[in-house]
1. How would you rank 54-65, 16-27, 70-81, highest first, on the average number of other Cβ atoms within 10 Å across their residues?
2. Based on the Cβ-Cβ distance of Glu62 and Arg22, what FRET efficiency does E = 1/(1 + (r/R0)^6) give at R0 = 22 Å, to the nearest 0.05?
3. ³J(HN,Hα) across the stretch 76-82 via Karplus (A = 6.51, B = -1.76, C = 1.60, θ = phi - 60°), whole Hz, x for Gly/Pro?
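Every number in this text was worked out from the coordinates using simple rules, so none of it is lab data. Being a predicted model, the structure only gives us computed values, none of them experimental. Note that each Cβ is placed from the backbone with ideal geometry, even for glycine, and that neighbours are counted across all protein chains shown.
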Amino acid sequence: MPDNIDEVAVHIPASITEDQLRQLLGDCPNFTPDPLGLGSPYDYPEGLQMPNVRFDDQTGTETDHVKNLNDSWYEAVTTYSEEHN
């Protein structure tokens, strides 16, 4: 395991819009619900693989924007979890 969580994080500029992030995630999903083909990801510890995300170059003034970006980042996995849990 890496010592620094940033070594395993996806780095995205904080200047990205929510719509741009959703489009990116539509083209490149940010999680794999069943990477080992074992069925429900909640039945085994290797389930639901998803990278951490870091929104780079924040100035400290866009707190609400970055919160919304984080919400968008987890939107699809939250929906998936609600449907399969």
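1. Per-residue Cβ counts within 10 Å, averaged per peptide and sorted highest first, yield 70-81, 16-27, 54-65.
2. The formula returns an efficiency of 0.80 here.
3. 5, 5, 5, 4, 4, 4, 5
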